[in-house]
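Colleague: Take a look at the following structure, please.
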Amino acid sequence: MSLILIVLLPFIGSLLAACMPSNARNAEAWLAGGVAVVCAALVISLQSQVADGGVVRHALPWIAGLDFSLRLDGYAWLFALLVAVMGGLVVLYARYYMSPDDPVPRFFSFFLAFMGSMLGVVLSGNLIQLVMFWELTSLASFMLIAYWNHRIDARRGARMALIVTATGGLCLLAGVLMLGQVVGSYDLDRVLVAGDRVRAHAWYPAILALIALGALTKSAQFPFHFWLPHAMAAPTPVSAYLHSATMVKAGVFLLARFWPVLSGSEEWFWLIGGAGLCSLVLGAYAAMFQRDMKGVLAYSTISHLGLITLLLGMNSPLALVAAVFHIVNHATFKASLFMAAGIVDHETGTRDLTRLSGLARAMPITATLAMVAAASMAGVPLLNGFLSKEMFFAETVFTAHSGWLPVAAVIAGIFSVAYSLRFILQVFYGPAPHDLPRAPHEPPRWMLVPSALLVLACLLVGILPGLTVGPFLDNAAQAILGVDKPAYSLAIWHGFNLPLLMSLVALVGGVLLYLWLQWRQASGGILIYRFDGKRAFEFVMATSMSAADHLMRYVSSRRLQVQLLLLVCAAFIAALIPLWPHGFRFGDKPLAPLDPVFALLWLSGAACAVGAAHQAKYHRLVALILAGGAGLATCLTFAWFSAPDLALTQITVEVVTVVLILLGLRWLPRRIEQPGQAGAGSVIAYSRRLRDFGIAALVGCGMAGLTFAVMSRTAIEGIAPFFIRESLPQGGGLNVVNVILVDFRGFDTLGEITVLGIVALTVYALLRRFRPAPESVAPPQQQLDQPMMAAPNPDAALPAGYLMVPTVLVRLIMPVAALVSLYFLLRGHNAPGGGFVGGLILSTAVILQYMFGGIVWVESRSRLHPQYWIAIGLLAAGSAGIGSWFAARPFLTSLAGDLHLPLIGAVHLSSVLPFDIGVYMLVVGATTLVLVALAHQSLRTQHRKPLPTQQERQAD
């Protein structure tokens, strides 16, 4: 239960924070901080269970045969603690950094969602679930980077980060799907022990490449490093959290997590190690020439993450230990440095290194904390950064590819010392500052506490590594490597050796390089900007948009027929692809004798279909009537073959769609006449219609052939016998069709009604803004206070009661239709009916009210709000699925039970009823919403004035 709370609490806190008033900054900070502290306490309480290789697991049935699985081992414990503790410190810092004028509830809401997403990545025990949380981190970071959305750099940075990381997430999804297929399971426990099988599989290079793309894009590694500096438009608390414990650390977390599965090959070394080496050197080089304090830290993050990635790519267990150690060390000093940069910006109004100097006089505490953190980043002895960097130097010397790695490592170390010196000396030392937006001074003391605690951790780990981080690092290494965990030492002094010499060379070389750059007053970094990733990204985006525009010019058309032609051809090719390698054969089941009545029915339906296609050119109303006749023939076919559910659904769908299309016919554009109707033009038109007829006949014959091939086969156990056999035992219903829709394939139905609701809302939104040209609309045939089915000439003399009799009858039909619809709804699980049929019956009654009663009369007396029905329907259907989780069953599993009531007796209840009620309400709401949109559009066009208000309707 603790694992569930660790992941769930941040999301609950996110919802609560979003609901708080904008002036409750203290309350929001207390909420976010309390969530982080509770999560950290829960993680700490589980430490004894993960010591010595222990694993804590918790699984809940989720969906589609997958469990919502949480898994905590020593490595996940270390990362989860890092995420929670760092989150609490950043919340305390953000309380004083954020301005009361900012939308603070939104900030803490996004921040807690970010924390929960990262904890979900760390604790996921299922690969699909891990990808889901992975993409949530991209979405949450997008909202945080774009927090100050009035700034163009924030919007651009957020878009760039989302596109790059989300694209990598799609690659990761493809990779884990392939990995799960190779292993035979998406459970992380089974995947982690299948390394030999994965590396021996033919898919291994593709799996490695796809997962590497996901990890490298998330951790901003070369060549995807360009998005991270542009993400610095986010508030500094976001930058501190993103760089230290979340987002960019997710990529290296994933590489270390999959290290037992994917490492140990040359492909792993060159792909992961190569990307890490490029990021290590280029990031450090670029950091030396940045003018923005956060820019320096951003490129240094790219470099240090490159160091971690390079260690992970070395195929060495000791290098893995060093990588995990540096992940923790980098989090402490980098978060502290970002907080220092934020304090400088907060108190002086700028982060421009060319304008800042001598701040140590006015901000001595801030300067001291920043100096210690920067020294740790540079690898100065007695600080934690020195220990992990020395381990890195040792691994570059003793690895199998040690020929060129030590030189590159020392060069990167020299750059690291140089940009760390520049960060400190140029900001806090030198002449007193002048011409700053604000006079510099120390921030509130509580704003310094998070940075001070992190600096204290840098000192304690650097001086007493074995007593502070040693046990936790050992547990993490044990969780990843198991019995292959190597022996290592976290001692401060290992004697005079080559790694120590490399550290000294890096320190001395970095000082000399900084002095040389100061002497030369270098403003360059020209080399790195010749290969600017931002320009490449923008070029790719512009090229993609241009290519899409050119493609649309070729495949798009104002003519609906052309677009339908492309869709039909694409569908035909898609259906043909799986048949091509396996061939096509019919079954040997004997044919039943042809019934003359049934043959006549099909001839009638075929004649209606052909007539509809022919009349569409001349008279759309006749074509619609004939299309309805073809639908009626289909309905009778279902009834002929003893499929009453399908027949009911078909007849109600035909009635509703025919009427709605009839109301919308007048808004269709006039037929586009082709130039040159005689001679060559007529020949072209005839050949085009002949082509369309051929394609339609080919597709139709193909579908008929597939249907005949399936129905004529015998001795094949398909899905139909399973549904018939298991409908009552597992679904609790006698109506097999309804059980399939609300139980066996309930998730499909939920998706379909969601799409139906979206379509209805889209149609409504489009028609609200649709204003046809006056010449394209037929003369009005009704007055505002008359029914929609009034006579063509309203001024003509009419017999008494011409409209009163049908209108009264239609009004009396409404309650009867409502009862009939409820009858079909409630009987649907055991007899023909269901929510879809019942909803269409009620929708038909509503349509009749509009047609015969008039819009104003109906809406002045109606309490039907279609948007509410759509929303409540979706909530009811979704709640019916979520309810199964409380019974430890997968999503949308039907639950049934008997309730004994006084005087009534036993009442059988099932969770499919609220699901069917949701379908019922959504169908009614969607149909009515489209009807309302069409009806209102008619009145707008006829009268060119707004609809009457509610007060005017009541007065009328």
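Colleague: Which one of the conditions (1) at pLDDT 70 or above; (2) loosely packed, with under 11 Cβ neighbours inside 10 Å does Pro675 fail to meet, given that it meets all the rest?
Modeller: (1)
Colleague: Right, another one. Could you list all residues from segment 56-88 that are outside any strand (DSSP E or B) and closer than 17 Å to Val38 by Cβ? Give the steps one after another, and end with the answer.
Modeller: Within segment 56-88, the subset outside any strand (DSSP E or B) is 64-65, 73-88.
Those that are outside any strand (DSSP E or B) and closer than 17 Å to Val38 by Cβ: Trp77, Ala80, Leu81, Leu82, Val83, Ala84, Val85, Met86, Gly87, Gly88.
Colleague: Can you name every residue in segment 419-441 that is among the small types (Gly, Ala, Ser) and surrounded by fewer than 18 Cβ atoms within 10 Å (Cβ to Cβ)?
Modeller: Let us first name the residues in segment 419-441 that are among the small types (Gly, Ala, Ser), namely 420, 430, 432, 439.
Gly430, Ala432, Ala439 - these are the residues of segment 419-441 that are among the small types (Gly, Ala, Ser) and surrounded by fewer than 18 Cβ atoms within 10 Å (Cβ to Cβ).
Colleague: I want to confirm something. Restricting to segment 240-249 and keeping residues that are in contact with a Gly (Cβ under 9 Å, 6 or more places away or on another chain) and not in a helix (DSSP H, G or I), which single residue is farthest from Thr165 (Cα to Cα)?
Modeller: Keep residues of segment 240-249 that are in contact with a Gly (Cβ under 9 Å, 6 or more places away or on another chain), which gives 240-241, 245-246.
Restricting the remaining residues to those that are not in a helix (DSSP H, G or I) gives 245-246.
On the way: Ala245: 17, Thr246: 13 Å.
Across segment 240-249, the extreme among qualifying residues is Ala245.
Colleague: In segment 244-301, what count of residues is obtained for those that are closer than 21 Å to Ala477 by Cα and small (Gly, Ala, Ser)?
Modeller: The qualifying residues number 10.
Colleague: Select from segment 471-487 the residues that are modelled with pLDDT under 90 and more than 36 Å from the chain's Cα centre (by Cα) and list them in ascending order.
Modeller: Val483, Asp484, Lys485, Pro486, Ala487
Colleague: Just give me the residues in segment 470-508 being under 28 Å from Ile411 (Cβ atoms) and in a loop (DSSP other than H, G, I, E, B), in sequence order. Let's see the steps before the verdict.
Modeller: Here is the first cut: in segment 470-508, the ones under 28 Å from Ile411 (Cβ atoms) are 473, 486, 488-508.
Scanning segment 470-508 gives Pro486, Tyr488, Ser489, Leu490, Ala491, Ile492, Trp493, His494, Gly495, Phe496, Asn497.
Colleague: So Ile211 passes all but one of these: (1) modelled with pLDDT of 95 or more; (2) surrounded by fewer than 17 Cβ atoms within 10 Å (Cβ to Cβ). Which condition number does it fail?
Modeller: With respect to (1) modelled with pLDDT of 95 or more; (2) surrounded by fewer than 17 Cβ atoms within 10 Å (Cβ to Cβ), Ile211 is out only on (2).
Colleague: Among residues belonging to segment 147-162 that are touching a residue at least 60 places away in the same chain (Cβ under 8 Å) and of a type in the set (A, V, I, L, M), point out the one that is farthest from Leu130 (Cα to Cα). Even if it seems obvious, please write down each step before you answer.
Modeller: So in segment 147-162, the residues touching a residue at least 60 places away in the same chain (Cβ under 8 Å) come out as 147-148, 151, 153-154, 156-158, 160-161.
Keeping just the survivors that are of a type in the set (A, V, I, L, M) gives 154, 158, 160-161.
Numbers: Ala154: 28, Ala158: 22, Met160: 23, Ala161: 19 Å.
That would be Ala154.
Colleague: Another question, if that's okay. Could you give every pair whose Cβ atoms fall below 8 Å, whose first residue belongs to segment 639-668 and is modelled with pLDDT of 85 or more, and whose second residue is aromatic (Phe, Trp, Tyr), counting only separations of at least 6 or pairs across chains?
Modeller: As it stands, the answer is Trp640/Phe598; Pro644/Phe638; Leu646/Phe638; Ala647/Phe638; Leu648/Phe824; Thr649/Phe836; Gln650/Phe638, since those pairs meet every condition given.
Colleague: Just one of Ala206, Ala202 is in a loop (DSSP other than H, G, I, E, B), aliphatic (A, V, I, L, M), over 25 Å from Phe114 (Cβ atoms) and free of Cβ contacts under 8 Å to residues at least 40 places away in the same chain; which is it?
Modeller: Numbers: Ala206 fails: in a loop (DSSP other than H, G, I, E, B).
From the options Ala206, Ala202, the qualifying one is Ala202.
Colleague: May I pose another question? Any idea which of Ala84, Ala94, Ala76 is farther than 29 Å from Leu320 by Cα, buried (at least 17 other Cβ atoms within 10 Å of the Cβ) and modelled with pLDDT of 90 or more?
Modeller: On the way: Ala84 fails: farther than 29 Å from Leu320 by Cα; Ala76 fails: farther than 29 Å from Leu320 by Cα.
Going through Ala84, Ala94, Ala76 in turn, the sole match is Ala94.
Colleague: Output the helices (runs of 4 or more DSSP H) that fall wholly within segment 556-637 and possess 2 or more residues being surrounded by 13 or more Cβ atoms within 10 Å (Cβ to Cβ), or say none. Can you show your working first?
Modeller: On the way: elements: 560-576, 579-582, 596-615.
The helices (runs of 4 or more DSSP H) meeting that bar are 560-576, 596-615.
Colleague: Looking at segment 367-386 only, could you name the residues that are of a type in the set (S, T, N, Q), under 40 Å from the mean Cα position of the chain (by Cα) and within 28 Å of Glu347 (Cα to Cα)? Lay out the reasoning, then the answer.
Modeller: Taking segment 367-386 as the starting set, the residues that turn out to be of a type in the set (S, T, N, Q) are 368, 376, 384.
When the remaining residues are screened for being under 40 Å from the mean Cα position of the chain (by Cα), the result is 376, 384.
Across segment 367-386, the qualifying residue is only Ser376.
Colleague: crowded, with 24+ Cβ neighbours inside 10 Å, out of contact with any Asp or Glu (no Cβ under 8 Å at 6 or more places or on another chain) and among the aromatic types (Phe, Trp, Tyr), is that true of Phe258? Before the answer, list the steps.
Modeller: Details: crowded, with 24+ Cβ neighbours inside 10 Å: yes; out of contact with any Asp or Glu (no Cβ under 8 Å at 6 or more places or on another chain): yes; among the aromatic types (Phe, Trp, Tyr): yes.
Criteria met by Phe258.
Colleague: Going by the structure shown, is Val755 closer than 18 Å to Val924 by Cβ, of a type outside the set (Gly, Ala, Ser), modelled with pLDDT of 85 or more and loosely packed, with under 12 Cβ neighbours inside 10 Å? Working first, answer last.
Modeller: Values: closer than 18 Å to Val924 by Cβ: yes; of a type outside the set (Gly, Ala, Ser): yes; modelled with pLDDT of 85 or more: yes; loosely packed, with under 12 Cβ neighbours inside 10 Å: yes.
So Val755 passes the test.
Colleague: Starting from segment 18-32, take each residue that is among the polar types (S, T, N, Q) and list its partners that are surrounded by fewer than 21 Cβ atoms within 10 Å (Cβ to Cβ), counting only C-beta distances under 7 angstrom and pairs at least six apart or across chains.
Modeller: Ser22/Pro103
Table: residues versus (1) over 21 Å from Phe107 (Cα atoms); (2) crowded, with 24+ Cβ neighbours inside 10 Å; (3) within 20 Å of the chain's Cα centre (by Cα).
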| site | (1), (2), (3) |
| --- | --- |
| Ala200 | yes, no, no |
| Phe222 | yes, no, no |
| His230 | no, no, no |
| Ala240 | no, yes, no |
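Colleague: Could you look through segment 615-629, keep only residues that are modelled with pLDDT under 85 and hydrophobic (A, V, I, L, M, F, W, C), and pick out the one that is farthest from Val658 (Cα to Cα)?
Modeller: The first filter runs over segment 615-629 and keeps only residues modelled with pLDDT under 85, leaving 615-621.
Filter once more, keeping what is hydrophobic (A, V, I, L, M, F, W, C): 616, 621.
Details: Ala616: 15, Leu621: 10 Å.
Filtering first and then ranking leaves Ala616.
Colleague: Return yes when Ala41 is assigned to a helix (DSSP H, G or I), at negative phi, in contact with a helix residue (DSSP H, G or I) (Cβ under 9 Å, 6 or more places away or on another chain) and free of Cβ contacts under 8 Å to residues at least 12 places away in the same chain and no when it is not. Step through it out loud before you land on a result.
Modeller: Working: assigned to a helix (DSSP H, G or I): yes; at negative phi: yes; in contact with a helix residue (DSSP H, G or I) (Cβ under 9 Å, 6 or more places away or on another chain): yes; free of Cβ contacts under 8 Å to residues at least 12 places away in the same chain: yes.
So Ala41 fits the description; yes.
Colleague: Related question: Contact list please: Cβ distance under 6 Å, first residue in segment 361-381 and in contact (Cβ under 8 Å) with a residue 24 or more places away in the chain, second residue outside any helix (DSSP H, G or I) and small (Gly, Ala, Ser), pairs at least six apart or on different chains.
Modeller: That search, which allows pairs on different chains as well, returns Ala367/Ala360.
Colleague: Moving on to the next point. For segment 836-852, does any single residue satisfy the condition of being within 22 Å of Val923 (Cβ to Cβ), assigned to a loop (DSSP other than H, G, I, E, B), at pLDDT below 85 and not assigned by TED's automatic domain parsing to the domain that holds Val658?
Modeller: No - not one qualifying residue is present in segment 836-852.
Colleague: Then there is this: Please determine, by comparing only the residues of segment 250-301 that are outside the structural domain of Ala374 (by TED's automatic domain parsing) and part of a loop (DSSP other than H, G, I, E, B), which one is modelled with the highest pLDDT.
Modeller: Step by step, filter segment 250-301, then rank; the result is Phe258.
Colleague: Would you mind telling me which numbered condition in (1) part of a helix (DSSP H, G or I); (2) at pLDDT 90 or above; (3) surrounded by fewer than 21 Cβ atoms within 10 Å (Cβ to Cβ) Ser416 fails?
Modeller: (3)
Colleague: Then there's this: For segment 326-377, which residues satisfy the criterion of being more than 19 Å from Met447 (Cα to Cα) and among the hydroxyl-bearing types (Ser, Thr, Tyr)?
Modeller: Answer for segment 326-377, where residues must be more than 19 Å from Met447 (Cα to Cα) and among the hydroxyl-bearing types (Ser, Thr, Tyr): Thr354, Ser357, Ser376.
Yes or no, residue by residue, for (1) crowded, with 24+ Cβ neighbours inside 10 Å; (2) farther than 19 Å from Ala287 by Cβ:
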site	(1), (2)
Asn329	yes, no
Phe333	yes, no
Leu359	yes, yes
Pro364	no, yes
Met371	no, no
Ala378	yes, no
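The values are calculated or read from the model by the stated rules, or taken from the named source; none is laboratory data. As the structure is a computational prediction, the values presented were derived from the model and not from experiment. Here the Cβ is made from the backbone with ideal geometry for all residues, glycine too, and neighbour counts use every protein chain on show.
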